[in-house]
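Heads up: the structure comes next, in structure tokens.
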Amino acid sequence: MPSPTAEWTIPDQDRRLVLCAALCAVAAALLMVTWDRGLSASVLAWEAPLARLLFTKATWLGDWRVEAAALLLAVAGGGLLGRSRFFAAGLCGVGGLFTAGLLTQLLKYTSCRVRPLFPEAGTFQLLPCYQEGMDSFPSGHASQAFAIAVVVAAAYPRLALPLYGLAAAIGVSRVVLGAHYASDVLAGIAVGLLAGALCRRHLPRLAVGLAAWRLGQRSALERPSSSP
């Protein structure tokens, strides 16, 4: 009998994710030395109030607190309703969120790139870089959204298109709102794909085991006790 997590960890898919991450990293490097600042200036000059409002909402959806709350609700809902895959997907999503977040913060505070709307925008500063606005590279919103998309889409393949579409909209919103350069977003996507592939390979077995244990507890509590 195949493992209940076998379809979550398909080697060919993992290789494709790593390849896509590598392509995003190369594209980020090329953008950084070519059109990055010009593209950012053009986008910031774009006058489209409705589009900016929509991208503001997308950025809100990409906030780690909103994502964590949604994933924890999935975990709670899966546990209460007896949906083991839902429960496990939520747990793996939390793992993807925090793995991508940790890698992103490590890169942010070692690269020290200045955000587009701050003085000396786009430059890389010397360590330490804990001042406001010196955490542009890579985009945390993009990395976390793509990591979650990778993990949850592995559990629910039919949701892959909307999940990746939402993650892409979140990434674009960071450029439109002047929070990041396009290269920051591409680097964030690379981090998110790698973090998602890592979590998809190692977390499902643990998550499914926890789901089985939780649902076993629930069944035991609901089972009527036999009279002596």
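No lab work stands behind these numbers, since they all come straight from the coordinates. Just so you know, these numbers come straight off a predicted model, no measurement behind them. Cβ atoms come from the backbone with ideal geometry, glycine included; neighbour counts cover every protein chain shown.
List of remarks:
- Taking every C-alpha pair closer than 8 Å and separated by at least 6 residues, the mean separation divided by the residue count of the stretch 56-126 gives a relative contact order of 19 percent.
- Taking Lys and Arg as +1 and Asp and Glu as -1, the other residues whose beta-carbon sits under 11 Å from that of THR59 total +2.
- Annotation: amide H-H contacts under 5 Å for ARG113 (H modelled 1.01 Å from N, sequence separation of 5 or more, or interchain): GLN125, SER136, PHE137.
- Mean-position separation - Cα centroids, the stretch 168-196 and the stretch 88-125, in angstrom: 10 Å
- Each other residue within a Cβ distance under 15 Å of ARG37 adds +1 if Lys or Arg and -1 if Asp or Glu, for a net charge of -1.
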